[in-house]
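Since every read-out is calculated from the coordinates, none of them should be taken as a lab result. Fair warning: this is a prediction, and the values are worked out from it, not measured in the lab.
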Amino acid sequence: MKKELIRIILIASLALNLAFITMGIIRMTRKNYTKSQKFVTNGDYNLSKDQKKELNQIITGFRVKLIDNKSKILEKRIDIIELLGDPDYKAADLNEELSQLNNIEKDMNEKFIATLLRVNTTLDQEQWIKFLLNLSRGWFFAGTAH
């Protein structure tokens, strides 16, 4: 009875995770998904034409990598849930799956920092401060400037 309840909870969790990630991917790939680009190209930063072009390339490249990494994270979480659904799973197998998940998340964080460093070299100090302020409001992952 208890094992069956755990399986039901894990399946429900998996379904919710899939729905959440799917909606995020759909939102990120819609044609009208331009708020993030407006965040970069609006007049708040006083960007030159070359800066706008460079930032759009940097951020677009990061977003593509972000979608790929989020997909890998979802797949790894599914693997972990499936493993936990097996009453005979081995702790070593779970630890290996968790290690792989951590490596994917580490890779995503490293790409994020590398992207920030590229943005930093493109902006002057005042623009960089404004960028960090907007970034801290959730733009980079949420896709909206507040």
Links exceeding 31 Å between C-alpha atoms in this model, out of LYS52/LYS76; LYS65/LYS130; LYS49/LYS76; LYS53/LYS76, come to LYS52/LYS76; LYS49/LYS76; LYS53/LYS76
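Suppose the chain between LYS106 and ILE8 were pulled fully straight at 0.36 nm per residue; how much longer would it get relative to their current alpha carbon spacing?
On the way: separation 98, 0.36 × 98 = 35.28 nm, distance 3.03 nm.
The LYS106-ILE8 span can extend by a further 32.3 nm.
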How much length would be gained if the chain were fully extended between GLU96 and LYS52, taking 0.36 nm per residue of separation minus their Cα-Cα distance, in nm to one decimal?
11.6 nm
HN-Hα J in Hz across region 73-85 - Karplus 6.51, -1.76, 1.60, θ = phi - 60°, x for Gly and Pro
4, 4, 4, 5, 5, 4, 4, 5, 4, 4, 4, 5, x
Convert each backbone phi in region 47-58 into a coupling constant with the Karplus relation 6.51 cos²θ - 1.76 cosθ + 1.60 (shift: θ = phi - 60°), then list the ³J(HN,Hα) values in order as whole Hz, x for Gly and Pro.
7, 6, 4, 5, 5, 4, 4, 4, 5, 4, 5, 4
Taking only the alpha carbons of region 78-126, the radius of gyration and the largest Cα-Cα distance, Dmax, both in angstrom, are 18.0, 57
